[in-house]
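This report concerns only the one structure given below.
Bear in mind these aren't lab numbers, they're just calculated from the coordinates by the rules spelled out. What you are looking at is a predicted structure, and each value in this text was computed from that prediction instead of being measured. Quick reminder, even Gly has a Cβ in these numbers, built from the backbone with ideal geometry, and neighbours come from all protein chains shown.
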Amino acid sequence: MAVKVKELKDDAIVDVQVNKSFYYMMKSTLFYLFQQVADDKKREESLKTVMTKKYEDMDEFERSFYTITLFLAEFEKLAVEKNLYSEKSILQEGDEGYVPPTQV
């Protein structure tokens, strides 16, 4: 017996609203993926591969990394276009008023 499933139409484009918390969750996930490759040389090779290989030819790590990177790039592009960024100054060690970070 056939099972019915729902799938997006081929020409569908879905607008998704993302807040700062979700954006940081996605960045954290991307960093986590990045850390899963312990060998620095292999990590560097994978990053280069993501920029040059076709999606179908990537391994699971590269596909995951590529997908999240595309999402973040699109989010950041739209945030710039809509002027949703604010600038702030972050004092560095040696600056007057600098307080070293502490872990709570």
Rounded to the nearest 10, the angle in degrees between the Cα long axis of helix 20-35 and the longest principal axis of the Cα atoms of the chain comes to 80
For residue 48, the lysines lying under 29 Å Cα to Cα, once residues fewer than eight places off in the same chain are dropped, come out as 20, 27, 77
Correct response: the longest run of the chain lacking exposed chymotrypsin sites (Phe, Trp or Tyr not before Pro), defined by DSSP loop and at most 11 other Cβ within 10 Å, is 1-84
Length gained, residue 10-residue 56, 0.36 nm per residue minus C-alpha separation, equals 14.8 nm
Connecting every pair of Cα atoms under 10 Å apart in the chain and solving the GNM, the largest mean-square fluctuation among 21, 64, 46 falls on 21
Over the chain, the sum of -39500 (n - 2.57) across DSSP H runs of at least four, divided by residue number and rounded to 500 deg cm²/dmol, gives at 222 nm -16500 deg cm²/dmol
Classified through the alpha carbon gyration tensor (a ≥ b ≥ c as square roots of its eigenvalues; rounded if a/c is under 1.5, else prolate when a/b is larger than b/c, else oblate), the chain comes out oblate
The rounded separation in angstrom of the Cα centers of the range 1-28 and the range 43-91 is 17
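Exactly which trypsin sites (Lys or Arg not before Pro) in the range 27-88 are in a DSSP loop and have at most 10 other Cβ atoms within 10 Å?
Of the trypsin sites (Lys or Arg not before Pro), the ones in loops of the range 27-88 whose Cβ has at most 10 other Cβ atoms within 10 Å are 54, 82, 88.
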